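Inspection log for the structure reproduced underneath, given as structure tokens.
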Amino acid sequence: MKGAPPSMKTYPHVLIGAGIIGLTTAVELLRAGVDAREIAIVDPSPISGASWVAGGMLAPVAEVQYGQEQLYPLMVRAAELWPELVSFVQARTDLPTGYREDSTLVVAADRADATHLSELMAHQNSHGMDVHRIPTRRARQLEPGLSPQLAGAVEIPGDHQINPRLFCAATMDVLANAGVTFIERKAVKLVHKSGGCAEVVFDGGDPVGVGQSVYLCNGLGGNYVKDAPYLPLRPVRGDLVRLAVPEQLHAPVDRVVRGFVEDRPIYVIPRTDGTIALGATSREDNRQKPSADGVYTLLRDAIRVVPGLEECEFLEAIAGARPGTPDDLPLLGKVGTNVVVSNGYFRHGILLSALGAKVSAVLGLSDGAEVNGPAESLKAASEAVGVDMSACAFDRFNNEGV
């Protein structure tokens, strides 16, 4: 970079955050033709945030929630992009990704839950989603480990899963082998010159230069980087329980089973590594560690749906904080000439990463001239990814850019 100190290393593309958003964005830069040696990823502890705790369901249908219709086309498009992303990674590493393409079952524990399930299915069908009711006996033929007391079931052929821990590790391996630089330092400040970011400063005071674009992909850590755009984020915590299937036993289920138990959502995720993940609690409180009530509820409800889980071994309970926005839509866009915001993915960070990464790469590789706000910057990106991203414009909350 012109004017940079001789001792300061400069990279055209500097990504802050080595969770799934930052890692997949780096992959998309490679796929767009960027030399791996031009990419640096800054994170003091890669894959340690929300990606480490995530369930990893690629579920554009099962994950829909009333009132979030603007998310639906983004989720569907993201799911369409995942197979090619996985193929790219799998072709360049021997490490497993935990990708599974089995269909997802959603079940109801009692008659009231069955009504909920029917209403939700009608809503999904009204939006053109592929979900259909099956008899509970058919569900138990597909998964004999399901409880015989279930009151309803649907199958979603297109909802799959990834193991976030395995996938992120495999992606890091691909990036490192290609020549991407990982800087295990904490980014604390952006230095701006002539309307753009010229440097990223670390917690020791030393900087790295930005030759073309800097990408803010560090979730809740985004608001701890001085002189970066303010991000209207809130921490939404969730508990995850991990079980192991004893060697002498077969897994109680072979595909993702989601359910409603007295209107509480539950998911059971069998992994390719012989573990099972249980979720999904959601809370906005100050408890940093797994909540006692959350862990208890997850185990109780999961066992009610899949009784054989009682025979599994307890591995861990862990809590994570997801970056939520006021409307639960991501924050995307280009600020100034070269600051790309890719954050606020809330509950859908794993699924939407395939889409958000492509958008971010388009933004970061676009002309460095000042753009007329993040909303304007998303127009070309929307055309490139094949879906309207305008609802995710970073400036929709009237925040001031850098």
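Within the stretch 371-393, if we keep just the residues that are touching a strand residue (DSSP E or B) at 6+ places or on another chain (Cβ under 9 Å) and modelled with pLDDT under 90, the residue that is most open to solvent (accessible area, probe 1.4 Å) turns out to be Glu376.
Can you tell me which residue among Ala170, Ala198, Ala139 is surrounded by 19 or more Cβ atoms within 10 Å (Cβ to Cβ) and within 16 Å of Val257 (Cβ to Cβ)? Going through Ala170, Ala198, Ala139 in turn, the sole match is Ala139.
Condition check for Arg237 on (1) in contact with a Leu (Cβ under 6 Å, 6 or more places away or on another chain); (2) open to solvent by less than 40 Å² (accessible area, probe 1.4 Å); (3) not hydrophobic (A, V, I, L, M, F, W, C): one failure, at (1).
Taken over the stretch 310-334, the residue count meeting the criterion of being over 17 Å from the mean Cα position of the chain (by Cα) and open to solvent by less than 10 Å² (accessible area, probe 1.4 Å) is 2. If you check Val188 against the conditions, is it over 30 Å from His116 (Cβ atoms) and crowded, with 24+ Cβ neighbours inside 10 Å? No; evaluated as a whole, the condition is false for this residue. Within the set Ile21, Ile16, the sole residue that is in contact with a Cys (Cβ under 8 Å, 6 or more places away or on another chain), among the β-branched types (Val, Ile, Thr) and under 24 Å from Leu240 (Cα atoms) turns out to be Ile21. Considering only residues that are part of a loop (DSSP other than H, G, I, E, B), in contact with a Ser or Thr (Cβ under 8 Å, 6 or more places away or on another chain) and over 20 Å from Glu155 (Cβ atoms), which ones fall in the stretch 250-284? Of everything in the stretch 250-284, just one residue is part of a loop (DSSP other than H, G, I, E, B), in contact with a Ser or Thr (Cβ under 8 Å, 6 or more places away or on another chain) and over 20 Å from Glu155 (Cβ atoms), namely Thr281.
Contact map, the stretch 293-307: first residue open to solvent by less than 10 Å² (accessible area, probe 1.4 Å), second residue assigned to a helix (DSSP H, G or I) and modelled with pLDDT of 95 or more, Cβ cut-off under 7 Å, separation 6 or more or different chains; pairs are Ala302/Leu309. If the condition is being surrounded by fewer than 16 Cβ atoms within 10 Å (Cβ to Cβ), more than 12 Å from Ala169 (Cα to Cα) and in contact (Cβ under 8 Å) with a residue 12 or more places away in the chain, then the stretch 89-101 contributes only Glu101.
Among the residues in the stretch 19-33, are any under 18 Å from Thr171 (Cβ atoms), among the β-branched types (Val, Ile, Thr) and assigned to a strand (DSSP E or B)? Within the stretch 19-33, not a single residue is under 18 Å from Thr171 (Cβ atoms), among the β-branched types (Val, Ile, Thr) and assigned to a strand (DSSP E or B).
The values are calculated or read from the model by the stated rules, or taken from the named source; none is laboratory data. Remember, it's a predicted structure, so these values are computed and weren't measured experimentally. Backbone-built Cβ (ideal geometry, glycine too); neighbour counts: all protein chains shown. All accessible areas refer to the heavy atoms of the entire protein, side chains included, with ligands and DNA or RNA removed. Shrake-Rupley method; radii C 1.70, N 1.55, O 1.52, S 1.80 Å.
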